[in-house]
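Here's a structure for you.
Each reported figure results from applying straightforward, stated rules to the coordinates on display, with no laboratory input. Here the structure is a predicted model, which means the values were calculated and not measured. All Cβ positions, even for glycine, are placed from backbone atoms using ideal geometry, and neighbour counts span all protein chains on display.
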Amino acid sequence: MTMSAPGHDQATRTHPLAPRSLAAAAVGSYLPLVLAVAVVALPLVWMLLSSFKTPGELVTQDLAVLPHSLAPDNYLQAAREVPFVRLFVNSVIVTVIGAGIKVLLAIFTAYALVFVRFPAKKLIFAAILVTLMVPPQVSLLPNYILVTGLGGADTYWGIILPGLGTGFGTFLLRQHFMTLPISILEAAEIDGAGHWRRLTRIVIPISAPSIVTVALVSIVFEWNDYLWPLVIVTDPSMMTLPVGLTLLSNTESDALAYGVLMAGSVAVIVPVLIVFASLQRYVIAGLTQGAVKD
Amino acid sequence: MSSVTSAPVSTPPPTTVRPVRTPPSRRRFGARERHDFLVFLALAAPNILVIVAFSYRPLLSNVYYSTLNWTLGAATAVPVGFDNYVRFFTSPDTAEIARVTAVFTVATVGGSMLLGLLIALVLNRKVRGVGFARAAVFSPFVLSGVGVGLIWVFMFDPTVGVIAAVLRTVDLPSPQWFNDPSLSLVMVIIVYVWKNMGYAAVIYLAGLQAVPRDLLEAAAIDGAGRLRTFRSIILPMLSPTTFFLLITSVLNSLQAFDIIRIMTPLGRGTTTLIYDAYLQAFGGYNRAGYSATVSTVLFGLLVLFTAIQMLVLERRVHYR
């Protein structure tokens, strides 16, 4: 049984352990842990290794784990079939601008909801929250008709604009702003600091961790976003990476092409993995917000 | 979520009590109020406008489009009343879509929650490396569904895939994941569970760590074994977490798109409600009116699940 009651360790910590049961505990603790990590990591490792394999190595019945060489042939081949660098740049542009504006809008809206007098603020907040319930899929067709009608097909703004409204960021920052000591802001107000000054000099600096959280979640979301860019962009030179990979997988149905497809997967997955690995606390906190707090 | 709608004054930091606001002057709408009014609009209006234009308006548009017989791209549309709904609810395709959606939802939600709980139990111990393991297990949740789908298409490939290679070592033939519609559904479910179980694990872990120590110690003193403690104490204590996960996971899997699109572009055996809404409008049929009908039904389902969540949470808040 891999199950162990929480508090088991608590109990064992208070009692000194015999070396024999210590060793048993180490195996019992680590084996399931290693297994869980392996289930998640192995497909990703396989992707990375396969992205360096030649078609000959990929179709062979004798499976070799390691590629013969680390020559980036598949990456070069991917770049010949789709504008690979362009896709990457497009993804970066859409992610940076989209997430950047989203975070700003979330900061402004949350500040207004918490610190600026206005009628029916609670109602406005509730109306913003409702959008957390409206998935982009439901609004796909009407937004497609509106944005293409405005000439937004195959443009950056067409990709970015519909996703800029943010219920999630507003919610998270509002909850955080409400915990800030109001006395500091009132002191600043008495000293003659206007809203802009209070926002930029006090609220934003002391809320950096929450803002980073919102920013990271927005970046991950924009980078991975798929359905909307898929329908609004048809010109390969305007595609983001996930959409471009669809093109790659459509043109390359041959089993020989898996190396190229894995190179594409590396390009879309590894940047997010790097961001996640370096700032995972913020990302996990942001994505599990609402569940963990009570 | 219950704290979402609470008034700002209800959650002050413990040290500072928010003073009762008395306006500095008794003017009805003085310069300061007008100034704040404008500041509020300047700060909040852009976000609100985008939300109205791209979240609220589409809901209404969908309802309107769903009453049209309209080919995407055509200049004109014929109003047909409820014909699209009648067609949707009587079509044999819909029965199949409902079946696939139900199987997909139950299997992905059940699978990711069950594995998530198991992983959470594994992670809930104080050993070195557990923080790394927690992050590693969570990581697929943040990865591109397209990239993840491509990796697994390769791994599931019946001739050159690694799964087939492993089966070959014990002389088993690879299942025809891509050609057999019911196996395609199984394949997509496996990948979706792999991508989402870490999310459930992290949330279950937080729930586990909130189980009061004294309860567990009392159980240990009473001679309860591990399994007994788990069944009679931990599992009941986790029920709010389980409920939260159940609702969010159902909502998430009703919206699952990327992996289905990449692994099974034609949707044979894997056409869920959301995928049907996409295929009807953008999969070559160009049936805009019918797609809007499917989207409206999907949104109705989402509202239903959210309403259930709110009702149950409301109850729970009361008997706490």
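Sort out for me the Cα centre separation of the stretch B:237-275 from the stretch B:130-190, rounded to whole Å.
Taking the Cα centre of the stretch B:130-190 as reference, the centre of the stretch B:237-275 is 17 Å away.
What FRET efficiency, computed as 1/(1 + (r/R0)^6) with R0 = 25 Å and r the Cβ-Cβ distance, is obtained for B:Arg268 and A:Leu256, rounded to the nearest 0.05?
Working: r = 24 Å, r/R0 = 0.95.
With R0 = 25 Å, the Cβ-Cβ based efficiency is 0.60.
For the stretch B:197-270, give the magnitude of the charge dipole about the Cα centre (Cβ charges: +1 Lys/Arg, -1 Asp/Glu; no others), in debye to the nearest 20. Could you put the intermediate results ahead of the total?
Values: 6 positive and 4 negative charges, 57 e Å.
Taking the Cα centre of the stretch B:197-270 as origin, the dipole is about 280 debye.
Go through the stretch A:227-237 residue by residue and turn each phi into a ³J(HN,Hα) via Karplus (6.51, -1.76, 1.60, θ = phi - 60°); whole Hz please, and just put x for glycine and proline.
Along the stretch A:227-237, the couplings run 4, 5, x, 4, 8, 8, 10, 10, 7, x, 6 Hz.
Okay, helix-only estimate at 222 nm for chain A: each DSSP H run of n ≥ 4 adds -39500 (n - 2.57), divide by all residues, round to 500 deg cm²/dmol; what do you get? It would help to have the intermediate numbers written out before the result.
Numbers: 15 runs with 198 residues, N = 294.
My calculation for chain A gives -21500 deg cm²/dmol from helical runs alone.
Could I ask something else about it? What whole number of Å gives the distance from the Cα centroid of the stretch B:26-75 to the Cα centroid of the stretch B:92-125?
36
Something else about it: How big is chain B in terms of Cα radius of gyration and Dmax, in angstroms?
Looking at chain B, its Cα Rg and Dmax stand at 25.5, 87 Å.
Tell me the mean residue ellipticity at 222 nm calculated for chain B from its helices only (DSSP H runs of n ≥ 4, each -39500 (n - 2.57), averaged over every residue, nearest 500).
-20500 deg cm²/dmol
Okay, moving on. Quick one: plug the Kirkwood hydrodynamic radius of the stretch B:164-273 (C-alpha pairs) into Stokes-Einstein at 25 °C, 0.890 mPa s, and report D in µm²/s.
Numbers: Rh = 17.2 Å.
Estimated via Stokes-Einstein, D reaches 142 µm²/s.
May I pose another question? What is the dipole size for the stretch B:80-166, taken about its Cα centre, with +1 at each Lys and Arg Cβ and -1 at each Asp and Glu Cβ, in debye to the nearest 20? Could you put the intermediate results ahead of the total?
Numbers: 6 positive and 4 negative charges, 143 e Å.
Dipole about the Cα centre, nearest 20: 680 debye.
Can you compute the radius of gyration and Dmax for the protein assembly as shown, using only the Cα atoms, both in Å?
Just the Cα atoms of the protein assembly as shown yield Rg and Dmax of 26.2, 87 Å.
In straight Cα distance, which aspartates and glutamates are under 19 Å from A:Lys102, not counting same-chain residues fewer than 8 positions off?
Hits, sequence-local ones excluded: A:Glu222, A:Asp225.
In debye to the nearest 20, how big a dipole does the protein assembly as shown give about its Cα centre with +1 on each Lys and Arg Cβ and -1 on each Asp and Glu Cβ?
Values: 41 positive and 29 negative charges, 511 e Å.
Dipole size: approximately 2460 debye.
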